[in-house]
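J.: Sharing a structure below in structure tokens format, with a few things to ask.
The values are calculated or read from the model by the stated rules, or taken from the named source; none is laboratory data. Since this is a predicted model, take the numbers as computed values, not measurements. Glycine also receives a Cβ, built like all others from the backbone with ideal geometry; neighbour counts cover every protein chain displayed.
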Amino acid sequence: MEKQVAIIGGGVIGGGWAARFMLNGWDVRVFDLDPQAERKTQAVLDNARRALPGLTDVALPEEGTLTHCKSIAEAVFDCALIIEAVPERLEVKHAVYAEIEAANTTGIIASSTSGIMPSDLQSELLYPERLIVAHPFNPVYLLPLVELVAGAKTDAANIEKAKALYASIGMHPLHCRVEIEGFLSDRLQEALWREALWLLKDGVATAEELDAAIAYGPGLRWAQMGTMQTFHLAGGEGGMRAMLAMFGPCLKWPWTKLMDVPDLTDDFVEMVGDQCDTQSGALTPRDLERVRDSNLVGIIRSLRGGDWGAGATAKAHDRVLATQNGMDARAADVDPNAPITTAQRTIPLDWTDYNGHMNEARYLQAFGDATDRFMEMIGCDGAYIATGGSYFTAETHIRHIDEVHAGARIEIRTQVLLGEGKKMHLWHEMFEGERLLASAEHMLIHVDLQSRRPSAPSATIEASLTRIAAGHAALARPDAAGSSVGIRK
Ligand SMILES: NC(=O)c1ccc[n+]([C@@H]2O[C@H](COP(=O)([O-])OP(=O)(O)OC[C@H]3O[C@@H](n4cnc5c(N)ncnc54)[C@H](O)[C@@H]3O)[C@@H](O)[C@H]2O)c1
């Protein structure tokens, strides 16, 4: 599919979609009735540019373009994917679809609705088979979940296409197999929200106290496991069965009033609004968005370590990006007569320290990742390591030459100073554009993972390494190679 998407409605969600697609290299056309929409979309895009590139360890592709269109027809013309993100009112959505169909009869129409049934959305369409629900979560540019729901007349092939498409932009498509109002997430979220409103209404707790009851406990667990798996663990060795035996009676009392909704009188809405304002203190919604985004990036990055949940999605996206920009090349495919690009990435928000620049531990991480990438190129990859051989780093020297800030797009170029027998001596240079930021020198020794003693690498690895080492022998040796911390004796 050509990387071009039309987005109708450029508010919180449409703006978030625009940002996610653009930063993944898609050209985006937006139509919104509101003259303020360009400004609002831009604000979402600014947030996304700050946060999203730090989720992956491989640089995102070159940004796509953003065009603000004057009509729905102009936006959707010739587009294979049309995202609808207009207000949650059936008649507004139907009117928008009628305009879309007058200009485009083939593109998938993906509604962002939070809970309207796709069968109701497609009921007046001439080509209803192309409508799906693709329900995202705010901020769309960071949260990977997208719920996919088919209506009675949806062509199942469109759900399959959508799964591949949303995965290609770093998302986790969840096919909600049964069409039901509110789908899965919003049914769960709404139950909690309704209960919270009751607790406020009855004067049991304030907005701040209710949020503390989530943020300091259950919310942290929910970032990585849902209610079912969390309670399965809470039941100890008896698992979920023990939990149901212990808490089953409370489910029946019940503790909650979930079937009712408090009357949303003007006074009540004001009271809830005031409490939320008090809770936010001096922080504006824009400030809070940035706090939220930094926290989300940190949480998702930590989940990458265990290849778990949203972290596993981010890692899978790395593999897609690596294939797109050639960062999965093997040694045989690279020019052995020039330094080799071993990293292209953006510095994440949580890599900076109290001085506002990159923490020194992260330099080692970035250079260490570059070494891992070089090892993979010459054949010392996961499969080889599983056979019992690997390289261990024996010595490292890093020079910090210029400041690096969050959001910087860096590239690491690697020169082999020695690649012979058990030894691999690497020289890495880190650049932002052509500005040299740092260098790192690593001496690595090939090791037998059983005996933990030095050993010869496989013949294939040795051949790949010596080919590059022979080419790099003709390059100028870096002046600082072999230097140590410059204290005069
Ligand atoms: N806000 C959320 O957290 C969230 C999450 C998931 C899904 N959604 C769903 O996404 C959709 C959009 O919600 P939102 O929060 O972005 O609302 P929003 O009010 O922020 O944005 C809607 C935008 O649509 C524009 N619009 C209205 N009528 C239009 C028309 N006829 N043609 C073009 N543009 C039009 C408005 O000017 C506005 O900019 C809704 O269906 C909502 O249920 C919202």
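J.: Condition check: touching a strand residue (DSSP E or B) at 6+ places or on another chain (Cβ under 6 Å) and either more than 16 Å from the ligand (Cβ to nearest atom) or in contact (Cβ under 8 Å) with a residue 60 or more places away in the chain (or both). Does T65 satisfy that? Step through it out loud before you land on a result.
T.: Numbers: touching a strand residue (DSSP E or B) at 6+ places or on another chain (Cβ under 6 Å): yes; either more than 16 Å from the ligand (Cβ to nearest atom) or in contact (Cβ under 8 Å) with a residue 60 or more places away in the chain (or both): yes.
Judged against the criteria, T65 is a match.
J.: Filter the range 126-149 down to residues that are out of contact with any strand residue (DSSP E or B) (no Cβ under 6 Å at 6 or more places or on another chain) and crowded, with 19+ Cβ neighbours inside 10 Å, then give me how many there are. Spell out the reasoning first.
T.: Initial filter on the range 126-149 (out of contact with any strand residue (DSSP E or B) (no Cβ under 6 Å at 6 or more places or on another chain)): 126-129, 138-143.
Checking which are crowded, with 19+ Cβ neighbours inside 10 Å leaves us with 128, 139-142.
Residues meeting the conditions: 5.
J.: Condition check: farther than 24 Å from R477 by Cβ, touching a residue at least 24 places away in the same chain (Cβ under 8 Å) and out of contact with any strand residue (DSSP E or B) (no Cβ under 6 Å at 6 or more places or on another chain). Does L321 satisfy that? Please lay out each step first, then the result.
T.: Values: farther than 24 Å from R477 by Cβ: yes; touching a residue at least 24 places away in the same chain (Cβ under 8 Å): yes; out of contact with any strand residue (DSSP E or B) (no Cβ under 6 Å at 6 or more places or on another chain): yes.
Yes: the conditions hold for L321.
J.: Let me ask something else about it. Quick test for you: out of T278, T256, T265, pick the one residue that is farther than 28 Å from K40 by Cβ, surrounded by 10 or more Cβ atoms within 10 Å (Cβ to Cβ), at pLDDT 90 or above and among the hydroxyl-bearing types (S, T, Y). Can you show your working first?
T.: Values: T278 fails: farther than 28 Å from K40 by Cβ; T256 fails: at pLDDT 90 or above.
When all the criteria are applied, what remains is T265.
J.: Take G298 and decide whether it is more than 26 Å from R194 (Cβ to Cβ) and either part of a helix (DSSP H, G or I) or touching a Pro at 6+ places or on another chain (Cβ under 8 Å) (or both).
T.: Values: more than 26 Å from R194 (Cβ to Cβ): yes; either part of a helix (DSSP H, G or I) or touching a Pro at 6+ places or on another chain (Cβ under 8 Å) (or both): yes.
In short, yes.
J.: Hey, another quick one. Among R241, R286, R290, which is in a helix (DSSP H, G or I), among the charged types (D, E, K, R) and surrounded by 14 or more Cβ atoms within 10 Å (Cβ to Cβ)? Spell out how you get there, then give the answer.
T.: Values: R241 fails: surrounded by 14 or more Cβ atoms within 10 Å (Cβ to Cβ); R286 fails: surrounded by 14 or more Cβ atoms within 10 Å (Cβ to Cβ).
Only one candidate passes the filter, namely R290.
J.: Here's a follow-up. Scan (1) crowded, with 22+ Cβ neighbours inside 10 Å; (2) among the β-branched types (V, I, T); (3) over 21 Å from S114 (Cα atoms) for the single condition T67 breaks and write down its number.
T.: Every listed condition holds for T67 apart from (1).
J.: Of the numbered conditions (1) of a type in the set (V, I, T); (2) without any contact (Cβ under 8 Å) to a residue 60 or more places away in the chain; (3) within 11 Å of the ligand (Cβ to nearest atom), V96 satisfies every one except a single condition; which is it?
T.: Every condition holds for V96 apart from (2).
J.: Exactly one condition in (1) more than 19 Å from N138 (Cβ to Cβ); (2) part of a helix (DSSP H, G or I); (3) of a type in the set (A, V, I, L, M) is not met by L264; state its number.
T.: All conditions are met except number (2).
J.: Further, regarding this structure: In the range 333-364, how many residues are part of a helix (DSSP H, G or I), surrounded by fewer than 18 Cβ atoms within 10 Å (Cβ to Cβ) and at pLDDT below 90?
T.: Residues flagged as part of a helix (DSSP H, G or I), surrounded by fewer than 18 Cβ atoms within 10 Å (Cβ to Cβ) and at pLDDT below 90 within the range 333-364 amount to 1.
J.: When you check E420 against the structure, is it within 25 Å of A474 (Cβ to Cβ), in contact with a helix residue (DSSP H, G or I) (Cβ under 8 Å, 6 or more places away or on another chain) and not basic (K, R), yes or no? Let's see the steps before the verdict.
T.: Working: within 25 Å of A474 (Cβ to Cβ): yes; in contact with a helix residue (DSSP H, G or I) (Cβ under 8 Å, 6 or more places away or on another chain): yes; not basic (K, R): yes.
When the stated conditions are applied, E420 passes them.
J.: If you take the residues of the range 30-62 that are closer than 15 Å to L143 by Cβ and of a type outside the set (A, V, I, L, M, F, W, C), which of them is nearest to the ligand (Cβ to nearest atom)? Steps first, answer last, please.
T.: In the first step, residues of the range 30-62 are kept if they are closer than 15 Å to L143 by Cβ; the result is 44, 47-48, 51-52, 54-56.
From the residues that got through so far, the ones that are of a type outside the set (A, V, I, L, M, F, W, C) too are 47, 54, 56.
Details: N47: 14, G54: 22, T56: 23 Å.
Checked the range 30-62; the qualifying residue nearest to the ligand (Cβ to nearest atom) is N47.
J.: Hey, another quick one. When the residues of the range 412-426 are filtered to those that are out of contact with any Asp or Glu (no Cβ under 9 Å at 6 or more places or on another chain) and touching a residue at least 24 places away in the same chain (Cβ under 8 Å), which remaining residue is farthest from L465 (Cα to Cα)? Please lay out each step first, then the result.
T.: So in the range 412-426, the residues out of contact with any Asp or Glu (no Cβ under 9 Å at 6 or more places or on another chain) come out as 416, 418, 422-424.
Narrowing further to those that are touching a residue at least 24 places away in the same chain (Cβ under 8 Å): 416, 418, 422, 424.
On the way: V416: 8, L418: 9, K422: 11, M424: 8 Å.
Here the answer is K422.
J.: Hey, can you tell me all the residues within the range 1-29 that are farther than 17 Å from N138 by Cβ and either within 9 Å of the ligand (Cβ to nearest atom) or among the β-branched types (V, I, T) (or both)?
T.: Scanning the range 1-29 gives V5, I8, V28.
J.: Further question on the same structure: Which residues, taken from the range 118-145, are within 14 Å of the ligand (Cβ to nearest atom) and part of a helix (DSSP H, G or I)?
T.: If the condition is that a residue be within 14 Å of the ligand (Cβ to nearest atom) and part of a helix (DSSP H, G or I), then P118, D120, L121 are the ones that fit.
J.: Right, something else. For residues that are over 22 Å from the mean Cα position of the chain (by Cα) and assigned to a loop (DSSP other than H, G, I, E, B), scanning just the range 10-48, find the one that is surrounded by the fewest Cβ atoms within 10 Å (Cβ to Cβ).
T.: The selected residue is P35.
J.: Please determine whether any residue of the range 392-410 is part of a helix (DSSP H, G or I), loosely packed, with under 14 Cβ neighbours inside 10 Å and touching a residue at least 40 places away in the same chain (Cβ under 8 Å).
T.: Kept after step one, since they are part of a helix (DSSP H, G or I), are these residues of the range 392-410: none.
No: the range 392-410 contains no residue that is part of a helix (DSSP H, G or I), loosely packed, with under 14 Cβ neighbours inside 10 Å and touching a residue at least 40 places away in the same chain (Cβ under 8 Å).
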